[in-house]
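Structure first, then comments.
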Amino acid sequence: MSILIGIVGLIVVLGIAYLMSSDRKAINFKAIGIMFVLQIILTLVMFKTTVGLKVIESTSNGLTKVINYGREGIDFVIGGWIPEGGSPFFVNVLLILIFTSMLLSLLTYLRILPIIIKYVGGFLAKITGVSPVATFHAINNIFFGQSEGILAIKSHVLKMDKNSVMVMSITSMASASASIMASYITMLPAKYVLGAMALNALSGLIIGIIIAPETAEAREETISIKQASPAKSLFDSISIGAMDGGKVALIVTAMLVSYVGLMALIDAAFNGMFGITFTEVLGYIFAPIAWIMGIPASDILIAGQTMGTKLATNEFVAMLQFMDEMKNVSEKTIAIVSVFLISFANFSSIGIVAGAVQAVSGEKAAIVTKHGLKILVAATLVSVFTATLVGLFM
């Protein structure tokens with residue numbers, strides 16, 4: 001029954017995207033079909049085959065080792081400050097962003113990541129017919145954040161039409177960067193984090209080109225990686241990456257202090273006035289969505305609360321909330337909710353995406369701000385679609 005419900009959930013998501021489409025006659029159903037088949041194959045391999053599980057496990061172990069190397073730097077700087085048994089979120093989760101951001105910057109300067117992204121994106125463009133810029137951007141978003149991903153294709157943004165800007169914005173908001181991935185796997189099972197990041201690239205394109213079908217002109221454009229890194233030297237790339245990681249860590253810290261405190265205040269106010277917290281209200285609102293994603297009925301309120309919190313605040317706040325509930329829910333619920341949380345789809349991301357596009361073109365940024373709510377709904381559909389698909393194989 002849960003599998004049947006999950007299939008219905010996928011159909012509902014695609015149906016909503018179809019109804020939101022700006023030009024239903026121009027939808028590239030062939031590309032959608034190919035990418036959906038690729039998703040099924042990828043999900044099966046990752047979660048249902050010995051080889052796939054081994055690769056996921058090895059990747060997870062490798063990432064853990066890399067993170068531990070990064071902790072050497074953290075321990076050198078703040079070693080002895082933390083009392084025995086202490087586990088401050090800023091130290092254990094956020095400071096590692098500096099190290100992972102530096103690694104990504106270094107691999108970009110060495111042209112290792114840009115070449116991988118270009119050819120993986122190019123292969124996807126060739127077999128689907130989707131524009132190389134859109135596929136490059138979707139694959140690029142597996143590694144880089146919303147702002148960095150957009151700036152990486154800034155020369156192409158200037159030439160984009162409205163629909164291409166929409167697809168770019170949807171895939172940006174539906175993604176999650178590898179620099180933050182290290183923080184995610186300290187809170188959620190690594191296999192679901194890794195799976196979601198790969199699958200969201202395809203889901204973002206599927207939902208994106210349904211809602212904003214590409215034109216023939218967009219499909220003919222080619223991608224360039226000549227200016228992939230702003231660094232002038234190897235050590236410059238290390239410095240830039242470290243500084244960017246430090247900024248992200250401080251930004252996330254500020255957001256968490258604000259949002260967690262605000263949620264506590266709102267919960268208390270709701271509880272005082274209505275005898276129910278705002279988080280519990282979110283649970284009831286999102287419970288039907290959780291159910292149609294295939295989450296067991298006994299867990300839908302907890303899942304709904306987490307999903308609602310993520311949309312209203314950000315994924316970090318929702319992950320912190322869900323960590324306390326993971327012992328109370330089924331493995332299938334953990335899988336579906338974990339995958340749902342791995343994206344930037346929340347209200348604050350509208351401003352982040354618009355700001356990144358504004359740095360390139362005010363005219364294109366106006367498209368993002370005008371259609372910000374539609375982009376957010378689309379990005380949320382991406383999260384629902386990916387999570388529901390993974391749930392079918394749990």
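The values are calculated or read from the model by the stated rules, or taken from the named source; none is laboratory data. Because the structure is a prediction, the values reported are computed rather than measured. Glycine also receives a Cβ, built like all others from the backbone with ideal geometry; neighbour counts cover every protein chain displayed. When the accessible area is computed, the model is the full protein with side chains, heavy atoms only, and any ligands, DNA or RNA have been set aside. Shrake-Rupley method; radii C 1.70, N 1.55, O 1.52, S 1.80 Å.
List pairs: first in segment 342-365 and farther than 12 Å from Lys154 by Cα, second among the charged types (D, E, K, R), Cβ under 9 Å, 6+ apart or cross-chain?
Filtered contacts from segment 342-365: Ile342/Glu315; Ser343/Lys310; Ser343/Glu315; Phe344/Glu315; Ala345/Lys310; Ala345/Glu315; Asn346/Lys310; Asn346/Glu315.
Hey, does segment 380-391 have a residue that's open to solvent by 20 Å² or more (accessible area, probe 1.4 Å), out of contact with any Pro (no Cβ under 8 Å at 6 or more places or on another chain) and modelled with pLDDT under 95?
No: zero hits.
Sort out which residues of segment 337-367 are over 30 Å from Pro189 (Cβ atoms), open to solvent by 10 Å² or more (accessible area, probe 1.4 Å) and β-branched (Val, Ile, Thr), and write them in order of number.
Residues satisfying the conditions are Val360, Ile367.
List pairs: first residue in segment 93-122 and within 26 Å of Met35 (Cβ to Cβ) and open to solvent by 60 Å² or more (accessible area, probe 1.4 Å), second residue among the acidic types (Asp, Glu) and at pLDDT below 90 anywhere in the structure, Cβ distance under 8 angstrom, at least six positions apart or on different chains.
none
Out of the residues in segment 311-336 meeting the condition of being without any contact (Cβ under 8 Å) to a residue 40 or more places away in the chain and over 17 Å from the mean Cα position of the chain (by Cα), tell me which one is surrounded by the most Cβ atoms within 10 Å (Cβ to Cβ).
By that ranking, first place goes to Thr333.
Which pairs do you get when a residue that is hydroxyl-bearing (Ser, Thr, Tyr) and surrounded by 12 or more Cβ atoms within 10 Å (Cβ to Cβ), found in segment 50-66, comes within reach of a residue that is modelled with pLDDT of 85 or more and outside any helix (DSSP H, G or I), reach meaning Cβ atoms under 9 angstrom, with the pair 6+ apart or on two chains?
Ser60/Ile185; Ser60/Pro189; Thr64/Ile185
On the basis of being open to solvent by 10 Å² or more (accessible area, probe 1.4 Å), over 30 Å from Ile5 (Cα atoms) and of a type in the set (Phe, Trp, Tyr), does Tyr284 make the cut?
Criteria not met by Tyr284.
Could you tell me whether any residue of segment 76-87 is β-branched (Val, Ile, Thr) and either open to solvent by less than 50 Å² (accessible area, probe 1.4 Å) or part of a helix (DSSP H, G or I) (or both)?
Among the residues of segment 76-87, at least one is β-branched (Val, Ile, Thr) and either open to solvent by less than 50 Å² (accessible area, probe 1.4 Å) or part of a helix (DSSP H, G or I) (or both), which makes the answer yes.
Of the conditions (1) buried (at least 24 other Cβ atoms within 10 Å of the Cβ); (2) assigned to a helix (DSSP H, G or I); (3) not hydroxyl-bearing (Ser, Thr, Tyr), Val130 fails just one. Which one is it?
Every listed condition holds for Val130 apart from (2).
Do we have any residue at all in segment 282-293 that's at pLDDT 90 or above and part of a loop (DSSP other than H, G, I, E, B)?
Yes: segment 282-293 contains one or more residues that are at pLDDT 90 or above and part of a loop (DSSP other than H, G, I, E, B).
Count, please, the residues in segment 1-49 that happen to be free of Cβ contacts under 8 Å to residues at least 60 places away in the same chain, surrounded by 14 or more Cβ atoms within 10 Å (Cβ to Cβ) and over 16 Å from Phe393 (Cβ atoms).
Within segment 1-49, residues that are free of Cβ contacts under 8 Å to residues at least 60 places away in the same chain, surrounded by 14 or more Cβ atoms within 10 Å (Cβ to Cβ) and over 16 Å from Phe393 (Cβ atoms) number 0.
Cβ-Cβ under 6 Å, sequence separation 6+ or interchain: first residue in segment 272-284 and within 13 Å of Gly304 (Cα to Cα), partner of a type in the set (Gly, Ala, Ser) and open to solvent by less than 50 Å² (accessible area, probe 1.4 Å). Which pairs?
Cβ pairs passing all conditions: Leu282/Gly308; Gly283/Gly304.
Since Ile139 meets every condition but one in (1) under 16 Å from Leu38 (Cβ atoms); (2) open to solvent by less than 10 Å² (accessible area, probe 1.4 Å); (3) of a type outside the set (D, E, K, R), which condition does it not meet?
The one condition Ile139 does not meet is (2).
Return the total of residues in segment 190-227 being among the acidic types (Asp, Glu) and open to solvent by less than 10 Å² (accessible area, probe 1.4 Å).
The total comes to 0.
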